[in-house]
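Take a look at the structure set out below.
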Amino acid sequence: MGLKSDSNTLYQIVREIRPRQWVKNLFVFGAIVLGGRLFDPTAFLQTVGAFFAFSFVASFTYILNDIVDIEKDKLHPIKSNRPIASGKLGVKFATVVAFIFLISSFFTAIFVNEYLFYIILAYVVLQFAYSFKLKNYIIIDALTVSLGFIFRVIAGGVASETSISSWLILSVIGLSLLLAFGKRRAERTVLSSKNIDLKTRSTLRNYPDTLLDAMISMSAAFTMISYALFTFQTSPSTETPAIIANLVPSQLSAPKWMMLTIPIIIYIVGRYLYVIYENKNAESPERALFEDKPLLVSVAIWGLSILFFYYVLGTVNL
(Lines give C-alpha, C1' and ligand atoms only; values in the text may rest on other atoms or scores of the structure.)
Protein backbone atom coordinates (compact mmCIF):
# COMPACT_ATOMS: atom_id res chain seq x y z
CA MET A 1 0.00 0.00 0.00
CA GLY A 2 2.87 2.36 0.90
CA LEU A 3 4.69 1.48 -2.31
CA LYS A 4 1.61 2.35 -4.33
CA SER A 5 1.30 5.67 -2.52
CA ASP A 6 4.97 6.54 -3.10
CA SER A 7 4.64 5.58 -6.77
CA ASN A 8 1.58 7.79 -7.15
CA THR A 9 3.40 10.73 -5.52
CA LEU A 10 6.32 10.31 -7.89
CA TYR A 11 3.90 10.23 -10.83
CA GLN A 12 2.26 13.46 -9.68
CA ILE A 13 5.68 15.12 -9.30
CA VAL A 14 6.59 14.11 -12.87
CA ARG A 15 3.29 15.53 -14.09
CA GLU A 16 3.85 18.74 -12.17
CA ILE A 17 7.38 19.44 -13.44
CA ARG A 18 6.13 18.97 -17.04
CA PRO A 19 9.19 17.32 -18.68
CA ARG A 20 7.41 17.49 -22.04
CA GLN A 21 7.71 21.27 -21.91
CA TRP A 22 11.48 20.97 -21.61
CA VAL A 23 11.45 20.88 -25.40
CA LYS A 24 11.34 24.70 -25.21
CA ASN A 25 14.81 24.63 -23.70
CA LEU A 26 16.25 23.23 -26.92
CA PHE A 27 16.59 26.90 -27.86
CA VAL A 28 19.87 26.85 -25.92
CA PHE A 29 21.37 24.74 -28.72
CA GLY A 30 20.75 27.49 -31.28
CA ALA A 31 24.15 29.10 -30.75
CA ILE A 32 26.30 26.00 -31.28
CA VAL A 33 24.17 24.56 -34.10
CA LEU A 34 24.21 27.78 -36.11
CA GLY A 35 27.77 28.52 -35.03
CA GLY A 36 29.03 25.27 -36.56
CA ARG A 37 30.11 23.89 -33.17
CA LEU A 38 27.53 21.15 -32.60
CA PHE A 39 30.20 18.43 -32.79
CA ASP A 40 32.68 20.31 -30.62
CA PRO A 41 32.71 18.08 -27.48
CA THR A 42 33.38 20.89 -25.02
CA ALA A 43 30.80 23.27 -26.49
CA PHE A 44 28.24 20.48 -26.73
CA LEU A 45 28.64 19.37 -23.10
CA GLN A 46 28.48 22.96 -21.87
CA THR A 47 25.27 23.48 -23.83
CA VAL A 48 23.81 20.26 -22.44
CA GLY A 49 24.54 21.68 -19.00
CA ALA A 50 22.69 24.88 -19.94
CA PHE A 51 19.77 22.78 -21.20
CA PHE A 52 19.40 20.98 -17.88
CA ALA A 53 19.92 24.18 -15.90
CA PHE A 54 17.03 25.78 -17.76
CA SER A 55 14.93 22.61 -17.58
CA PHE A 56 15.30 22.47 -13.79
CA VAL A 57 14.51 26.16 -13.34
CA ALA A 58 11.57 25.85 -15.74
CA SER A 59 10.11 23.08 -13.59
CA PHE A 60 10.56 25.34 -10.58
CA THR A 61 8.57 28.09 -12.30
CA TYR A 62 5.80 25.66 -13.33
CA ILE A 63 5.33 24.67 -9.70
CA LEU A 64 5.54 28.30 -8.57
CA ASN A 65 2.87 29.36 -11.05
CA ASP A 66 0.59 26.49 -10.12
CA ILE A 67 0.84 27.38 -6.43
CA VAL A 68 0.14 31.07 -7.09
CA ASP A 69 -2.76 30.28 -9.45
CA ILE A 70 -4.23 27.35 -7.54
CA GLU A 71 -7.66 28.93 -7.01
CA LYS A 72 -7.97 30.12 -10.61
CA ASP A 73 -6.76 26.78 -11.97
CA LYS A 74 -9.56 25.01 -10.09
CA LEU A 75 -12.01 26.87 -12.36
CA HIS A 76 -10.23 25.85 -15.57
CA PRO A 77 -11.48 22.78 -17.49
CA ILE A 78 -7.94 21.54 -18.17
CA LYS A 79 -5.74 23.12 -15.49
CA SER A 80 -8.05 21.86 -12.76
CA ASN A 81 -6.60 18.40 -13.40
CA ARG A 82 -3.06 19.50 -12.57
CA PRO A 83 -1.62 17.84 -9.45
CA ILE A 84 -1.67 20.93 -7.22
CA ALA A 85 -5.06 22.30 -8.34
CA SER A 86 -6.66 18.85 -8.00
CA GLY A 87 -5.18 18.32 -4.54
CA LYS A 88 -3.17 15.27 -5.56
CA LEU A 89 0.03 17.09 -4.63
CA GLY A 90 0.09 19.15 -1.45
CA VAL A 91 1.20 22.78 -1.62
CA LYS A 92 3.86 22.40 1.11
CA PHE A 93 5.35 19.31 -0.49
CA ALA A 94 5.24 20.94 -3.94
CA THR A 95 7.09 23.97 -2.51
CA VAL A 96 9.88 21.71 -1.26
CA VAL A 97 10.11 20.02 -4.67
CA ALA A 98 10.20 23.42 -6.36
CA PHE A 99 13.17 24.59 -4.34
CA ILE A 100 15.00 21.32 -4.94
CA PHE A 101 14.73 22.00 -8.67
CA LEU A 102 15.76 25.63 -8.18
CA ILE A 103 18.88 24.67 -6.24
CA SER A 104 19.67 21.96 -8.81
CA SER A 105 19.44 24.57 -11.54
CA PHE A 106 21.81 26.93 -9.73
CA PHE A 107 24.38 24.22 -9.09
CA THR A 108 24.21 23.02 -12.69
CA ALA A 109 24.67 26.57 -13.98
CA ILE A 110 27.64 27.22 -11.68
CA PHE A 111 29.21 23.98 -12.84
CA VAL A 112 29.09 25.27 -16.44
CA ASN A 113 30.27 28.83 -15.74
CA GLU A 114 29.40 31.83 -13.58
CA TYR A 115 27.82 33.79 -16.43
CA LEU A 116 25.23 31.07 -16.96
CA PHE A 117 24.44 31.27 -13.26
CA TYR A 118 23.75 35.01 -13.58
CA ILE A 119 21.43 34.38 -16.53
CA ILE A 120 19.53 31.71 -14.59
CA LEU A 121 19.30 34.08 -11.61
CA ALA A 122 17.95 36.86 -13.83
CA TYR A 123 15.45 34.38 -15.32
CA VAL A 124 14.25 33.45 -11.82
CA VAL A 125 13.74 37.12 -10.93
CA LEU A 126 11.81 37.57 -14.18
CA GLN A 127 9.61 34.57 -13.40
CA PHE A 128 8.81 35.85 -9.91
CA ALA A 129 7.84 39.19 -11.42
CA TYR A 130 5.73 37.39 -14.02
CA SER A 131 3.99 35.08 -11.54
CA PHE A 132 3.06 37.78 -9.05
CA LYS A 133 2.55 40.85 -11.25
CA LEU A 134 3.45 41.01 -14.94
CA LYS A 135 1.11 38.26 -16.14
CA ASN A 136 -1.82 40.48 -15.15
CA TYR A 137 -1.04 43.05 -17.85
CA ILE A 138 -1.94 42.42 -21.48
CA ILE A 139 0.90 42.47 -24.03
CA ILE A 140 3.47 42.80 -21.21
CA ASP A 141 2.71 39.20 -20.25
CA ALA A 142 3.55 38.02 -23.78
CA LEU A 143 6.68 40.18 -23.91
CA THR A 144 7.84 38.60 -20.65
CA VAL A 145 7.38 35.12 -22.12
CA SER A 146 9.35 36.23 -25.17
CA LEU A 147 12.18 37.51 -22.97
CA GLY A 148 12.38 34.07 -21.39
CA PHE A 149 13.12 32.51 -24.79
CA ILE A 150 15.80 35.13 -25.46
CA PHE A 151 17.41 34.18 -22.15
CA ARG A 152 17.56 30.58 -23.38
CA VAL A 153 19.30 31.48 -26.62
CA ILE A 154 21.78 33.78 -24.87
CA ALA A 155 22.40 31.11 -22.23
CA GLY A 156 23.41 28.66 -24.94
CA GLY A 157 25.89 31.15 -26.36
CA VAL A 158 27.29 32.07 -22.97
CA ALA A 159 27.63 28.45 -21.85
CA SER A 160 29.48 27.37 -25.00
CA GLU A 161 31.26 30.72 -25.53
CA THR A 162 29.74 31.00 -29.00
CA SER A 163 28.70 34.27 -30.65
CA ILE A 164 25.01 34.75 -31.43
CA SER A 165 23.60 36.47 -34.50
CA SER A 166 21.37 39.45 -33.76
CA TRP A 167 19.08 38.22 -36.52
CA LEU A 168 18.68 34.94 -34.65
CA ILE A 169 17.61 36.88 -31.57
CA LEU A 170 15.08 38.82 -33.63
CA SER A 171 13.72 35.60 -35.14
CA VAL A 172 13.33 34.12 -31.67
CA ILE A 173 11.51 37.24 -30.47
CA GLY A 174 9.01 36.92 -33.31
CA LEU A 175 8.49 33.19 -32.80
CA SER A 176 8.10 33.45 -29.03
CA LEU A 177 5.57 36.26 -29.37
CA LEU A 178 3.65 34.15 -31.90
CA LEU A 179 3.58 31.25 -29.43
CA ALA A 180 2.54 33.49 -26.54
CA PHE A 181 -0.27 35.30 -28.34
CA GLY A 182 -1.36 32.10 -30.07
CA LYS A 183 -1.64 30.34 -26.72
CA ARG A 184 -3.83 33.11 -25.34
CA ARG A 185 -6.04 33.07 -28.45
CA ALA A 186 -6.51 29.32 -28.18
CA GLU A 187 -7.21 29.52 -24.45
CA ARG A 188 -9.94 32.12 -25.02
CA THR A 189 -11.43 29.87 -27.67
CA VAL A 190 -11.41 26.81 -25.41
CA LEU A 191 -13.03 28.61 -22.48
CA SER A 192 -15.61 30.35 -24.67
CA SER A 193 -16.58 27.08 -26.36
CA LYS A 194 -17.29 25.60 -22.92
CA ASN A 195 -19.19 28.71 -21.80
CA ILE A 196 -16.72 29.25 -18.96
CA ASP A 197 -16.09 32.74 -17.62
CA LEU A 198 -12.56 34.05 -18.23
CA LYS A 199 -11.58 34.06 -14.56
CA THR A 200 -8.72 31.61 -14.93
CA ARG A 201 -6.43 34.35 -16.25
CA SER A 202 -7.36 37.96 -15.58
CA THR A 203 -5.63 39.20 -18.71
CA LEU A 204 -7.81 37.00 -20.93
CA ARG A 205 -10.80 39.22 -20.15
CA ASN A 206 -8.82 42.24 -21.40
CA TYR A 207 -7.61 40.62 -24.62
CA PRO A 208 -10.13 41.30 -27.40
CA ASP A 209 -10.06 38.65 -30.12
CA THR A 210 -9.32 41.36 -32.67
CA LEU A 211 -6.24 42.50 -30.73
CA LEU A 212 -4.96 38.93 -30.38
CA ASP A 213 -5.53 38.32 -34.09
CA ALA A 214 -3.61 41.49 -34.96
CA MET A 215 -0.72 40.62 -32.64
CA ILE A 216 -0.60 37.07 -33.99
CA SER A 217 -0.46 38.34 -37.57
CA MET A 218 2.23 40.87 -36.68
CA SER A 219 4.30 38.26 -34.85
CA ALA A 220 3.99 35.79 -37.72
CA ALA A 221 5.14 38.40 -40.26
CA PHE A 222 7.96 39.54 -37.95
CA THR A 223 9.15 35.94 -37.55
CA MET A 224 9.25 35.21 -41.29
CA ILE A 225 10.95 38.48 -42.23
CA SER A 226 13.55 38.23 -39.46
CA TYR A 227 14.30 34.62 -40.34
CA ALA A 228 14.64 35.45 -44.03
CA LEU A 229 17.17 38.17 -43.21
CA PHE A 230 18.92 35.81 -40.81
CA THR A 231 19.44 33.20 -43.54
CA PHE A 232 20.78 35.84 -45.90
CA GLN A 233 23.17 37.35 -43.36
CA THR A 234 24.47 34.25 -41.64
CA SER A 235 24.34 31.33 -44.09
CA PRO A 236 27.47 29.14 -43.75
CA SER A 237 30.22 29.58 -46.32
CA THR A 238 29.69 26.82 -48.86
CA GLU A 239 30.44 25.93 -52.43
CA THR A 240 28.07 24.37 -54.89
CA PRO A 241 28.66 20.61 -55.30
CA ALA A 242 30.35 19.84 -58.62
CA ILE A 243 27.35 17.95 -59.98
CA ILE A 244 25.23 21.10 -59.51
CA ALA A 245 27.94 23.61 -60.46
CA ASN A 246 27.99 22.21 -63.98
CA LEU A 247 24.31 23.03 -64.37
CA VAL A 248 24.15 26.56 -62.91
CA PRO A 249 25.82 29.92 -63.70
CA SER A 250 29.16 30.71 -62.04
CA GLN A 251 27.43 33.40 -59.96
CA LEU A 252 25.84 30.60 -57.95
CA SER A 253 29.14 28.94 -57.03
CA ALA A 254 28.71 30.00 -53.39
CA PRO A 255 24.96 30.43 -52.82
CA LYS A 256 23.10 31.21 -49.62
CA TRP A 257 21.84 27.66 -49.17
CA MET A 258 20.06 28.49 -45.92
CA MET A 259 17.62 30.64 -47.84
CA LEU A 260 16.12 27.40 -49.14
CA THR A 261 14.73 26.85 -45.65
CA ILE A 262 12.61 30.01 -45.81
CA PRO A 263 9.63 28.22 -47.44
CA ILE A 264 9.79 25.62 -44.68
CA ILE A 265 9.54 28.32 -42.01
CA ILE A 266 6.66 29.96 -43.88
CA TYR A 267 4.85 26.61 -43.88
CA ILE A 268 5.60 26.03 -40.17
CA VAL A 269 4.22 29.45 -39.25
CA GLY A 270 1.19 28.95 -41.49
CA ARG A 271 0.53 25.50 -40.06
CA TYR A 272 0.75 26.83 -36.52
CA LEU A 273 -1.80 29.51 -37.42
CA TYR A 274 -4.03 26.73 -38.74
CA VAL A 275 -3.67 24.88 -35.44
CA ILE A 276 -4.63 28.04 -33.54
CA TYR A 277 -7.72 28.82 -35.55
CA GLU A 278 -8.96 25.42 -36.69
CA ASN A 279 -7.69 22.67 -34.40
CA LYS A 280 -7.95 24.85 -31.28
CA ASN A 281 -4.96 22.95 -29.95
CA ALA A 282 -2.44 25.73 -29.36
CA GLU A 283 -3.24 26.29 -25.70
CA SER A 284 -0.17 24.15 -25.16
CA PRO A 285 2.45 24.84 -27.89
CA GLU A 286 4.46 21.68 -27.16
CA ARG A 287 1.28 19.57 -27.42
CA ALA A 288 0.47 21.26 -30.71
CA LEU A 289 3.94 20.36 -31.98
CA PHE A 290 3.82 16.70 -30.99
CA GLU A 291 0.17 16.03 -31.87
CA ASP A 292 -0.02 17.82 -35.23
CA LYS A 293 1.92 15.53 -37.60
CA PRO A 294 2.36 18.03 -40.48
CA LEU A 295 3.78 20.57 -38.02
CA LEU A 296 6.08 18.01 -36.42
CA VAL A 297 7.31 16.69 -39.78
CA SER A 298 7.98 20.18 -41.13
CA VAL A 299 9.99 21.11 -38.01
CA ALA A 300 11.98 17.87 -38.41
CA ILE A 301 12.67 18.66 -42.09
CA TRP A 302 13.80 22.16 -41.14
CA GLY A 303 16.15 20.76 -38.49
CA LEU A 304 17.67 18.22 -40.89
CA SER A 305 18.09 20.96 -43.51
CA ILE A 306 20.01 23.09 -41.00
CA LEU A 307 22.31 20.19 -40.19
CA PHE A 308 22.87 19.45 -43.89
CA PHE A 309 23.67 23.01 -44.90
CA TYR A 310 25.93 23.71 -41.90
CA TYR A 311 27.65 20.38 -41.38
CA VAL A 312 27.75 18.85 -44.87
CA LEU A 313 27.84 21.64 -47.43
CA GLY A 314 29.27 24.04 -44.85
CA THR A 315 32.32 21.95 -44.06
CA VAL A 316 33.27 20.33 -47.37
CA ASN A 317 34.58 21.99 -50.49
CA LEU A 318 33.19 20.03 -53.43
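Things worth noting here:
- When residues in region 130-139 are screened for being under 19 Å from the mean Cα position of the chain (by Cα) and more than 26 Å from ASP213 (Cα to Cα), 0 of them pass.
- Looking only at residues of region 168-216 that are hydroxyl-bearing (Ser, Thr, Tyr) and within 14 Å of ALA142 (Cβ to Cβ), we find that the one that is modelled with the lowest pLDDT is THR203.
- Flag if ILE150 is touching a residue at least 24 places away in the same chain (Cβ under 8 Å), closer than 13 Å to ASN25 by Cα and among the β-branched types (Val, Ile, Thr): yes
- Out of THR42, THR47, sole residue that is over 22 Å from the mean Cα position of the chain (by Cα) and among the β-branched types (Val, Ile, Thr): THR42
- For the condition within 25 Å of PHE128 (Cβ to Cβ) and outside the structural domain of SER305 (by TED's automatic domain parsing), ASP73 qualifies.
- In this structure, GLU71 does not qualify as out of contact with any Cys (no Cβ under 9 Å at 6 or more places or on another chain) and either under 22 Å from SER163 (Cα atoms) or in contact (Cβ under 8 Å) with a residue 60 or more places away in the chain (or both).
The values are calculated or read from the model by the stated rules, or taken from the named source; none is laboratory data. Since this is a predicted model, take the numbers as computed values, not measurements. Virtual Cβ from ideal backbone geometry, glycine too; neighbours counted across all protein chains shown.
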